[in-house]
Amino acid sequence: MGTQNKNLTTLVSALLLFSLSIVAPLVRADVVDGAPTYSAAKNAGLYVWRATDGTWHMRLASGSAYQSVTGGITSTAPFKWVSAVATEAKDTVARIKPGQINFNLNVSSSDFVDGVDFSVPDGAGLCLWLWGSFGNTVLFGSGAVPSTPLGVARSFDLLDNGGCVGKIRSRPGHYIALNDWDGTAEMLDSIRPGVTGLHKRYYWKDIEPAPGNYDFSAINTDLQLAKAKGVQLVAMIVDKTFTAGDNPLPPYLASYALPLIDGGYVSRRWSPYVIQRLGLLMQAMGNRFDANPNFEGVAIQESSLGISPATEAATGYAPGIYRDALIRILKNARATFPTAQVFWYMNFLEGGNTLIGDIANAIVPFKIAMGGPDVLPDNTALNTWAYPYYGQFAGRLTLFGSIQNASYAHLHANTWYPTKYWTMGELYWWAKTKLCVNYLFWNRKTVASPSDSYDWTYALPVIRYNPPPFN
């Protein structure tokens with residue numbers, strides 16, 4: 001095992017960013033490559049690897065003690081072939097579909113190893129599902145990189161390419177986005193005819209006040225109310241604010257809170273530690289809420305940071321690093337929310353707006369919902385950098401838009417237009433036809449500002465008489 005430990009140490013050091021950030025059952029493609037060095041009679045575990053010829057191997061080693069594992073392997077393309085290895089009468093390996101293997105393997109002090117070999121076409125996604133186990137850990141590739149101990153059903157995306165993604169909960173339509181201070185009365189008032197669900201913000205510091213100390217009581221209360229009223233809930237994790245002195249991060253992440261140019265804070269999202277902690281938070285949320293049919297999904301805030309160039313330079317920011325961090329955050333979110341939607345708010349990426357397309361392409365297999373925090377048809381910057389991605393990814397990604405406070409007072413660029421501001425009906429029609437949205441989030445703006453503009457009551461008739469599907 002000396003060679004195995006040396007390889008593991010080298011691999012973990014070389015992949016610091018990803019080893020810290022993989023908190024969900026995702027497995028990087030390069031981690032699974034190469035056969036591990038182990039003794040089936042001494043080193044217990046479920047070993048999984050891809051050989052140099054592209055074939056896959058899975059071995060359950062006893063370590064001279066009883067071990068068992070029940071699960072399956074699914075492929076997005078039919079298996080080329082499947083072969084059971086050293087199995088006995090008590091073991092089963094069955095190819096029940098062209099793209100699915102089910103297995104039950106058992107080894108003991110005298111039966112040291114059972115296994116499965118298989119091959120899939122290039123580009124196929126692979127998912128290892130474990131429904132029950134006793135006394136073993138999954139170890140990947142030549143480094144025998146370990147997963148967490150098994151005890152409950154787990155899934156592992158063996159190539160980190162969406163192999164485990166199945167059917168995603170989907171109730172598109174009109175959602176009312178509540179203010180931070182809105183309570184039960186405002187939530188109830190927001191459930192009007194035509195409203196599919198509610199969208200609410202939860203500060204990171206409120207739902208994780210200390211490391212690993214999660215308080216989901218507010219989300220649970222809101223979800224129970226939504227369920228009682230027959231609507232959905234989208235929960236946004238807030239790691240960015242826009243008001244001076246308003247820090248959304250827990251005290252233990254104080255050193256990772258970066259000041260915005262115009263006030264407020266944002267987390268250092270490209271930090272491996274922030275990625276890890278956010279992933280763990282989402283994992284805990286997913287364990288609690290993903291299976292709830294009224295929990296529509298989790299939302300990740302806008303890609304724009306709003307920090308100064310000096311802050312960027314002092315904190316190691318680089319567009320490519322940030323791009324990769326956002327991809328990892330979104331993939332982790334999907335792994336921890338296998339059936340709920342994951343909503344990614346995108347608009348700008350400092351120093352690399354074109355990298356938004358890289359992120360969108362990377363998340364297509366993971367069925368992430370993509371959209372922007374502003375429906376502002378006459379905004380030049382959004383038309384240049386953000387809105388073109390809607391057309392490029394329509395039909396490939398679920399899309400959404402957000403009618404935020406600024407949208408209610410969005411001036412027409414053409415002064416000859418009959419109305420001074422874009423009306424709520426016009427904004428809906430533009431989001432539907434130009435952005436091809438499936439979901440539309442309407443901010444609950446209660447006071448028109450300026451006074452001759454609109455508030456959310458003007459949106460209610462539009463919501464009522466334009467039911468989904470929008471496209």
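Quick notes on this one:
- Tally of residues being in contact (Cβ under 8 Å) with a residue 12 or more places away in the chain and in contact with a Ser or Thr (Cβ under 9 Å, 6 or more places away or on another chain) across the stretch 449-462: 5
- Asn294 being polar (S, T, N, Q), in contact with a Leu (Cβ under 8 Å, 6 or more places away or on another chain) and within 30 Å of Gln224 (Cα to Cα): yes
- Verdict on Ile403 being in contact with a Lys or Arg (Cβ under 8 Å, 6 or more places away or on another chain), at pLDDT 95 or above and among the β-branched types (Val, Ile, Thr): no
- For beta carbons closer than 6 Å, sequence separation of 6+ or different chains, a first residue in the stretch 319-343 that is under 16 Å from Gly357 (Cα atoms) and a second that is assigned to a loop (DSSP other than H, G, I, E, B), the qualifying pairs are Pro319/Gly351; Pro319/Gly352; Ile321/Trp270; Tyr322/Trp270; Ala325/Arg269; Ala325/Trp270; Leu330/Ile368.
- With a requirement of 2 or more residues that are more than 19 Å from Ala210 (Cβ to Cβ) and among the small types (Gly, Ala, Ser), the strands (runs of 3 or more DSSP E) lying completely within the stretch 234-332 that satisfy it span 295-300.
- Just one of the listed residues (Gly166, Gly194, Gly162, Gly183) is modelled with pLDDT under 95 and in the same structural domain as Ile219 (by TED's automatic domain parsing), namely Gly183.
- Where Lys331 falls short, out of the listed (1) modelled with pLDDT of 95 or more; (2) surrounded by 20 or more Cβ atoms within 10 Å (Cβ to Cβ): (1)
- Which numbered condition Glu350 misses (of (1) modelled with pLDDT of 95 or more; (2) within 9 Å of the chain's Cα centre (by Cα)): (2)
- Failed criterion for Asn220 (all others in (1) over 26 Å from Gln276 (Cβ atoms); (2) assigned by TED's automatic domain parsing to the domain that holds Thr336 hold): (1)
The values are calculated or read from the model by the stated rules, or taken from the named source; none is laboratory data. Since the model is a prediction, treat every value here as computed from it, not as a measurement. Because the Cβ atoms are built from the backbone with ideal geometry, glycine has one as well, and the counts that use them run over all protein chains shown.
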